[in-house]
Each structure stands twice: as C-alpha cells, then as structure tokens.
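**Student:** Here it is: the structure, laid out below.
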Amino acid sequence: MVAGQRVPVIRQLSFELMPGRILGVVGESGAGKSMIGNAIAHALPPGFSVTSGSLLLDNEDLVHLAPARRRALLGRDIAFIAQEPMTALNPVLTIGAQFNEHLRRLSIAERRERALQLLDAVHLRDGAALLRRYPHQLSGGMCQRVLIAMAFAGRPRLIVADEPTTALDVTIQARIVQLIAELQHNADTSVLFITHDLRLASRICDDILVLYSGRAVEQGRAGQLLAEPAHPYTRCLQLASPTISGKRSVLAALPDRMPGLLEAAALQGCRFAPRCPIAQNDCAATDPPDHRIGASHQVACHHSERTRGIAVTAAPDVPAVGGGAPLLRLDDVGKQFRAGWRSSGTWAVRATSFTIDAGEFVGLVGESGSGKSTLARLIMGLERTSTGTIMLGARDVTHATQADARHRLHWAQMVFQDTQSALNPRRRVGDIVTQTLQAGRHAIRRAQRMDRARVLLAEVGLPAEFVERYPAQLSGGQRQRVNIARALCAAPRLLVADEIVSGLDVSVQAQLLALLQRLRAELGIALLFISHDLSVVRHLCERVLVMHQGAIVEQGPTERVFAAPRDNYTRRLLAAVPPDDPAQPWRPFPDEAETTPAAVLPRAAAAAPSG
Amino acid sequence: MTALRSGRVLAGAVLIACVALCALFAPLLAHDPGEQDLLSILLPPGSPGFVLGTDSLGRDQLARLLFGAQLALLVALTAACGAAILGTVLAHIAGYFGGFIDWLISRAVEVWLSFPPVILSLILMVGLGTGADKVVLAIVLVDWTRFCRVLRAEVLVTVRRDYVTAARLAGFSHMQTLLHEVLPATLPLLITLLSLEMGIAVIVEAVLSFVGLGVTAEQVAWGQMIADARANFAQAPWTVLLPMAAIFITVTGFNLLGDGLRRSLDVRLSVARSV
C-alpha cells in the first residue's frame, strides 16, 4: 500500500485467520492497523492502494474482485463493527428499519423474528420496543450492541471489528468484548479484532499479531505470545501498561515515538531499532526477516533471545506527603444544573467532601456522566457551587470572585484532556505556555517570557526550540507536555488533570506518567488525576476517590480500595478491568440494559492450540 | 500565504486592483467629468476626443466612469469596514458573554433582518438626506447584521474550546481573551465577509444613486449615470451599458476575492481537500 510519494504503509504482512477464530491486530496509532480493515472493505483513503500481495477469503482475492461480487460479499459474508457506535447508525431511521437492510434475504415476515432473535443474542432487553426507537434514544453501549447484532445478522464468515470499544466506558467495554466473543463462538465466525490494547486483545483473541510501523513484528497464539513475548516491542508494550494487581513497577517508557511514514521509509534496518532497548549494531543495518521460534509463533527480530532480558524494576516508594494544612479542602460541595428556571434540576455533584495534601497524588475515577469533570470545573472556579465550600490553602474560593481567581493562579491549575481543543492553533508554543505572564495589566515583555518558556519546556522534557512552533507541528504526546507546561507556569501547588492520558498510546502514556512523577519529586506538586483507567490510577496515585452519579461512593488508599473494595460500584468498576494474568477468569458485571448475566471463559486458556 | 495562490483570489484581486488604479489616477487619465459639451451629445464610443463616447449632456463617459469608480470604491471600503466593525464587536460581545446580552443582541439582529434591506436603506436615506457619507451610514446601519449573525455563531464555537477556558484560568481579562484567543479564530471569516460586503456595498450605493437618494448632484456615481441615460437607451445603449459593466466588474471582483478567501481560509474545506 502506497501514498503520495509512494511510501509503503504496510510491508510484508501475511497472516492467516482460521474459521471460528479471533485474530487480534495490536498496535499503536500510526502502525497501520486500520489500513488492514480498510483494505478488506476496499475503502482505503484516496491515494492509497494495495500494490502487492493478495487478500484471500476462502480463495477469493478481495483485492482484485469484480465490483458486483464484492458488493455481494461485503456486509453479508464480511461484516464490520465500527469504532464510533453513535455515528455508525443512521440517526433518521429507526433501529428496526436499519435492521431490515441487513436482513434483505429474508421475507418481510421473517425479518422481525430474526431481528428480535439477534437483539436477544446481544442481551438487550425488550427488543420489540427497541426496534421502534431511533439511535439518539439509545446509549453508546446499546448502540454498539445493536451494531454487533447487525454485524452478525447476515451470518458472516468474517467480522472486522476496528477498535469497537475505544469510545465506550470501561464497564461497557468489558461486556461488548465478551459479547463479540460469545456470538463469535456460537456462530462460528472468524473475527479480526483491531485494537491498541494488548491486555484486552489477550483476553478475547486466539491469535495475536503485533504491528509496528506497518510490519508484523510478532505473531502467535495469544497465550504463548503474552507469556513469552519474543519481540522487544511486544515486551515493552506489555511493560508500558500499568497493571491492576501485584506490585507496582516502573513503566517501560520507550523513548521518542513510532516513526512517521516518511521517516520509516528512510530507515534502513529494523524500524524499531532507534527505540529498542536491546538494539545492537546490526539492527540499524539490516531489516530482520521473520523467523519461527515455535509451532505457530514467529518474530521479526535479530536478537529475540535477548528480549527476556528486558527487566522490570519495582517502583520506588512514594515520598511521604508533608502533613500540615490540606492544600485543597471540599466540604459538602454540590452542583445542581437546571434545564429551565422552573425545573427542579439535576444534581451533577452532590455533597462531596475530600481533601488533598501537598505533594499528594489523588485519583478520581468513575464512568462518563458521573460528575468527575463537573467537580474539576467547580474546583477551578469555572462553575459556581450550589452548596458547600471549597478551600484552597487558607482561602475560601467558593464564590469564585476576581480575587479568588488571582489566588487560584498560584494554587491550582488545570490540564485539559483534549489537546486539539486546549491549545490555540494560532499561537506559538512559547506564547501558550507563558500565558499567565502575559495576563493582566503587568504583562511581561515577550523576550523575557520566551526565557521562561524555555525553562518550562525543559521541565516537561521538550527541546527549547519548540517555543517558536505551532501546536499543529507537534505530536499528541508533545502537545500534552505543552499543556502541562502551561499549567506549571504560575508554579501552582496543585494540578487538576482531566483524562490527560486517555487519547494517547501506551508508550506515550508511560512517558507522561513518568513526567508527572518526576514533577512531584522535583517540584513537590500535588495532583488530582481524573481518569476512567483504573490501572493508570493505581500506578500513579496513592489515594483514590470513586465517583458514581455525582457522589463519592468510596475513598481511601489506592491499594486498599482496589484490593478490598467496599462499595458495590467500586467492585463493578474493578471487575470491568481484565485481570493481568490471562489465565485468570474475567467476570465483568452485567449492565443495566441487559437481560441475562453471562460468564465467559477466559479464551486464551480455554482455546486448545489446533488448526 | 497559500490563500494568495488560489485562482479565484488572484482573479478577484486583479479586477479590484484595476478598478482601484482607475479610481486613483482618474484626474490624470480624464478631464473634468462635469464639463458639458452640448454640441457633441450621445457620441458613440471611439469618437475623436471621447474614447467611450458622451452622454445626453455631452459629458465624457470615460471621465464619468473613472470618477464614479472613486466614489464606488470609497463607499464600498468605508461602508464595509464600518459594518464589519459594528457587527464584529457586537458578535463577539454576544457570543463571548452569552446569557442576557446575547439574547438582547440576537433579538436586535432578528428585528433588523425582518425589514427588507432596500426599503430600510431608502427610509434611512430619506431621513438622513443625500451625500456620500449618508450612503455609507445607511449601508453600515443596514448591513452590520450580516457580520453579527455569522460571526456570533463562530464565536460560540470558539469559546467552547478549552484554550479559551485555559486563558481565563491563566488570568487573562475578558478583553485579552477576546483579542488573543477568540478574534484570531474568527478573523478568516471576517476577512471573507468583508470582501463580500464590499461587493454588496457597491450595488447598494448604485441602487440608492439610481433612485436619486444617493450622492449629491455634483458627484458622479454609476447608479446616477444609469438613471440619467435611461431615457436615451434606444438611441445610445452604451450610455447605460458602460456604467452597468463597471458595476459588474467591480462586484465580480469582490465576490471572486471573497469566495476564494472563503475556500482558502475555511478550515473545514481545507481539511477535506488535504486528505
């Protein structure tokens, strides 16, 4: 596959997917995972084409298929499950009408019967009512279930699922993944499961293919590949994602990032070599061939025997947090939103009390809509509280006055989630990070501000010449560092970080987590870390707050809460995270929309190595 | 600037530049536009001494067209800028602060838009009296709503971006936030609207002059030329067609420029193209 200057996006990729098996394609953004799905669907972006090789579905080459035959195959023999469930359904048609499109082969009388059957198979309650509804009346999880039901409607031979759970909450993600596995098992369909999450893939896939910079660097049986990863990249991916149990270890933060298409084409040897912890001289010279190291395990690395040597180091003990007066204190804080002036309103946050001490990292977890972000906005004075008081140091900032805002500047700053939206595309990095100095009537000259900007950039690990760049010229991870640098400008004592690593690849995430820990060691900064990812919170924070429907249902030391959760909701959140050990059974709780709870066997353990 | 490389922008800019040069050097290129020569009335274009012929009072058509360009461009520039400033300020205030202020400004725009624009400017001109400055004022008072309505929507989108919140958290005043964070995002749209508005201003000025409510009798305006020549259309069609062509060229120039800028500066369109 080739773009513009004829650069390969995917190289020498071959894999086989046996009937009734699930193949996981794992890789970071830019690895070319989605290109595989696009090539199968014959929906490559303009300018890209399959230049060599073949894609065989039961001996029919999908690349050189007559359009009529392809139309017959796609959607019937090959079905797709999209990443964004809300946009994959047509908003102006009812669910029933959209089901009919997938059931054209049946008579009109049979269609309804079959649709109800399928909805029942994805454990959706009250299918008959559901068929009359429109997509906007359904939650994201329900939409994804409907899409899965539709994908299985034509009894396809192959299903391509491209990041089907990335846009969903963790609790829903768990069930969706299980659902795909369950239906796949019953219908004996093959599934190509594209994901960035190695742990998730290990949970439901029979085989795993790890993609790096367009090349399959390792493939094999899921159990084997995870137990003994042979490629250093696979090993680093594993070590870069924080665990949910066991002892906390230092995350393997790979330097830099995956090369872009043009950079990669310029590399002579192994494309992972520049970042590889065990690279030797010959790695940069010649591209390693695929070689077999087991019955069905192959790897593209010159020194795969050394991979085992990439060691885990235990995390250093967290520095003791200085006592004294708390940095932030919330007492009975509540926030009510009113739809109109006569409505009674809904409480987004209710009677919340907690404190954060100097230098303390506190995690705030919960599903979307639990009020996490509203709480952050209340602390930052972006919303007015309905009840309660907020203290920053010794000052009451509940009423968010001008004087409070000036006080807050040096006490608490916010790091935003979406860097696309958080960094003004029309301002230079140097101006963005020193905004605080530009503010007010005592603006400081630009030359002086740029000096400060260079110091700040160095603090977050970016080169000084970035001051003159625009955000669009930076990668996602670099942008998030700029975002953090801006928050640090006024030397605040507390950072409020709303989902700041959620959109990032695991290796970049590991780099940022390391940065936050270094900032604590160097600046003694405290952090309120809002996240839906429990493993990350466990890795980073010594205390955790669990939020559900606007209230904090449980709080305490992270280890204690995660090891012995007291609240039912905390248990549910924890159950949704796949266990670190692939052999351990994973039993997420059923969600509200479901009919019957289902327990699914761990696949990697149950699947016998055959075929 | 990539915007300048687009064909439309270039074509528009060249047309406007030609008209602007004519207007600028009018005193050098032609003699007095008011001078009457009753012995040579309604001469066709190409007559000796009168390159583009004469009108019913024997006035040089070329001179009148060139001096008319002066007025047309002056009115277009000042009126469009005036309307842009008024509309932009109100749009940013409404979109940024929201709430009651937004409600008030939006309702004012709606009431304003419910008057037919031509009737509104005619009424204004009757009240204000004639003169180029009155024409400008009438256009500003009618057309600020165009800027206000479109830019307010853009401001609403921009203020929801986290970088605006971040600027507030960094201690920026409202004024600083608007100037450094919001305005740069709305500027491309503003420039586009400004260019299109200049084309509209040329037409409105011509219409007002045509019905005799525009400039005073001593000034030369294209609309007035058409009005004067109407009676002799059968004998001397060029006396009507030449000022019409002048209006057409100028408005086309502004529209091409505006449309080209819109295509080059609009982020959404450029994203679609770059894939």
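**Student:** Looking at chain B, do any whole DSSP H helices span at least 27 angstrom along their long axis by alpha carbon and average -0.5 or above on Kyte-Doolittle, and which?
**Tutor:** B:61-97, B:132-159, B:183-210, B:238-265
**Student:** In the protein assembly as shown, if the dipole is taken from +1 on Lys/Arg beta carbons and -1 on Asp/Glu beta carbons about the Cα centre, which of A:161, A:293, A:210 is farthest to the positive end?
**Tutor:** A:293
**Student:** Packing-wise, with mean Cβ within 10 Å as the measure, how do A:57-68, A:366-377 rank, highest first?
**Tutor:** Those peptides, ordered most packed to least, come out A:366-377, A:57-68.
**Student:** Still on this structure, please answer the following. According to a simple spin-label model (label point 7 Å from Cα along Cα-to-Cβ), what is the distance in nm between residue A:523 and residue A:90?
**Tutor:** Label-label distance for residue A:90 and residue A:523, simple model: 5.2 nm.
**Student:** Tell me which lysines have Cα within less than 28 Å of residue A:335's Cα, excluding those fewer than 8 residues away on the same chain?
**Tutor:** Once the sequence-local lysines are set aside, what remains near residue A:335 is A:372.
**Student:** Right, something else. Cα centroids of the range A:226-251 and the range A:341-387: how far apart, whole angstrom?
**Tutor:** Centre-to-centre (Cα) distance: 34 Å.
**Student:** I'd like the antiparallel share, as a percent to the nearest 5, of DSSP beta bridges with both residues in the protein assembly as shown.
**Tutor:** If we restrict to bridges inside the protein assembly as shown, about 50 percent are antiparallel.
**Student:** For an R0 of 22 angstrom, estimate the FRET efficiency from the Cβ-Cβ distance between residue B:97 and residue A:443 and round to the nearest 0.05.
**Tutor:** 0.45
**Student:** Filter the trypsin sites (Lys or Arg not before Pro) in the range A:413-479 down to the DSSP loop ones having no more than 15 other Cβ atoms within 10 Å, then list what survives.
**Tutor:** A:441, A:445
**Student:** Expressed in nm to one decimal, what extension gain is obtained for the pair residue A:306 and residue A:267 from 0.36 nm per residue of sequence separation less their Cα-Cα distance?
**Tutor:** Additional length available on full extension: 11.8 nm.
**Student:** Another question about this same structure. Take the Cα of residue B:115, step 7 Å along the line toward its Cβ, and report every residue of the range B:137-154 whose backbone nitrogen sits under 15 Å from that point.
**Tutor:** Once the point is set 7 Å along Cα→Cβ of residue B:115, B:137-146 turn out to lie under 15 Å by backbone N, inside the range B:137-154.
**Student:** With label points built 7 Å along Cα→Cβ from the Cα atoms of residue A:126 and residue B:249, find their separation and express it in nm.
**Tutor:** My value for the distance between the label points is 7.2 nm.
**Student:** Could you pull out the GluC sites (Glu not before Pro) across the range B:178-254 that fall in loop regions by DSSP (anything but H, G, I, E, B) with no more than 12 other Cβ atoms inside 10 Å?
**Tutor:** The qualifying sites are B:218.
**Student:** Follow-up. For the pair residue A:59/residue A:420, report the inter-label distance in nm, with labels modelled 7 Å from Cα in the Cβ direction.
**Tutor:** Output for this residue pair reads 4.5 nm.
**Student:** On to the next question. List A:113, A:383 from most exposed to least, where exposure is judged by having the fewest other Cβ atoms within 10 Å.
**Tutor:** In order of increasing Cβ crowding within 10 Å: A:113, A:383.
**Student:** Over chain A, what is the relative contact order in whole percent, taking alpha-carbon pairs under 8 Å and six or more residues apart?
**Tutor:** Rounded, it is 16 percent for chain A.
**Student:** Partner chain Cβ atoms within 10 Å, averaged over the residues of B:158-165 - can you pull that number for me?
**Tutor:** 6
**Student:** Take the Cβ-Cβ distance between residue A:101 and residue A:16 as r, set R0 to 35 Å, and report the resulting FRET efficiency rounded to the nearest 0.05.
**Tutor:** Result of the calculation: an efficiency of 0.65.
**Student:** Right, next: What FRET efficiency would be calculated for the residue pair residue A:49, residue A:291, taking the C-beta separation as r and a Förster radius of 30 Å, to the nearest 0.05?
**Tutor:** 0.50
**Student:** In what sequence do A:304, B:47 fall when counting other Cβ within 10 Å, fewest first?
**Tutor:** B:47, A:304
**Student:** Whole percent per 10 Å bin, from 0 to the bin with the longest distance: what is P(r) over all C-alpha pairs of the protein assembly as shown?
**Tutor:** Taking all Cα pairs of the protein assembly as shown, the binned fractions are 2, 10, 16, 19, 18, 14, 9, 6, 4, 1, 0, 0 percent.
**Student:** In a Debye calculation with equal point scatterers on the alpha-carbon sites of the range A:426-520 and no solvent, what is log10 I(q)/I(0) at q = 0.23 Å⁻¹?
**Tutor:** Here the Debye-derived log intensity ratios amount to -1.24.
**Student:** Sorted from largest down, give the three principal axis spans of the alpha carbons of the range B:76-136, whole angstrom values.
**Tutor:** If we take the Cα atoms of the range B:76-136, the spans are 39, 24, 14 Å.
**Student:** For A:433-441, what's the mean count of beta carbons from other chains sitting within 10 Å of each residue's beta carbon?
**Tutor:** Mean shielding count: 5.
**Student:** Something else: Within chain A, which whole H helices from DSSP have a Cα span along their axis of at least 15 Å and a mean Kyte-Doolittle hydropathy of -1.0 or more, if any?
**Tutor:** Helices passing the filter in chain A: A:108-121, A:140-153, A:170-187, A:446-459, A:476-488, A:506-523.
**Student:** On to the next question. What is the extension gain from residue A:315 to residue A:401, computed as 0.36 nm multiplied by their sequence separation minus the C-alpha to C-alpha distance, in nm to one decimal?
**Tutor:** Computed gain between residue A:315 and residue A:401 is 26.8 nm.
**Student:** Out of the trypsin sites (Lys or Arg not before Pro) in the range A:129-183, which ones are loop residues according to DSSP with at most 16 other C-beta atoms within 10 Å?
**Tutor:** Answer in residue order: A:132, A:133.
**Student:** How big is the charge dipole of the range B:132-224 about its Cα centre, in debye rounded to the nearest 20, if each Lys and Arg gets +1 on its Cβ and each Asp and Glu gets -1 on its Cβ?
**Tutor:** In debye, rounded to 20, the range B:132-224 gives about 400.
**Student:** Using modelled backbone amide H atoms (1.01 Å from N, in-plane), which distant-in-sequence or interchain residues come within less than 5 Å of residue A:398's amide H?
**Tutor:** For residue A:398, the qualifying residues are A:390.
**Student:** Sequence-distant or interchain residues sharing an amide H contact under 5 Å with residue A:22, placed H: which?
**Tutor:** A:191, A:206, A:207
**Student:** Among A:7-19, B:51-63, how do they line up from the highest to the lowest mean number of other beta-carbon atoms within 10 Å?
**Tutor:** Packing proxy ranking, top to bottom: B:51-63, A:7-19.
**Student:** How do A:25, A:415 line up, fewest other C-beta atoms within 10 Å first?
**Tutor:** Ordered by Cβ neighbours within 10 Å, fewest first: A:415, A:25.
**Student:** Just tell me how shielded B:169-182 is by partners: mean number of partner chain Cβ atoms within 10 Å of each residue's Cβ, no decimals.
**Tutor:** Per-residue shielding by partner chains comes out at 5.
**Student:** Scan around residue A:160 for amide H atoms under 5 Å from its own, H built in the peptide plane at 1.01 Å from N, and keep only partners 5 or more places away or cross-chain.
**Tutor:** Amide H neighbours of residue A:160: A:79, A:80, A:81, A:192.
**Student:** Could you tell me the center-to-center distance, by alpha carbons, between the range A:430-467 and the range B:141-213 in angstrom?
**Tutor:** 30 Å
Coordinate-derived values only; no laboratory data. These numbers come from a predicted model, not from an experiment. Glycine gets a Cβ as well: all are built from the backbone with ideal geometry, and neighbour counts include every protein chain shown.
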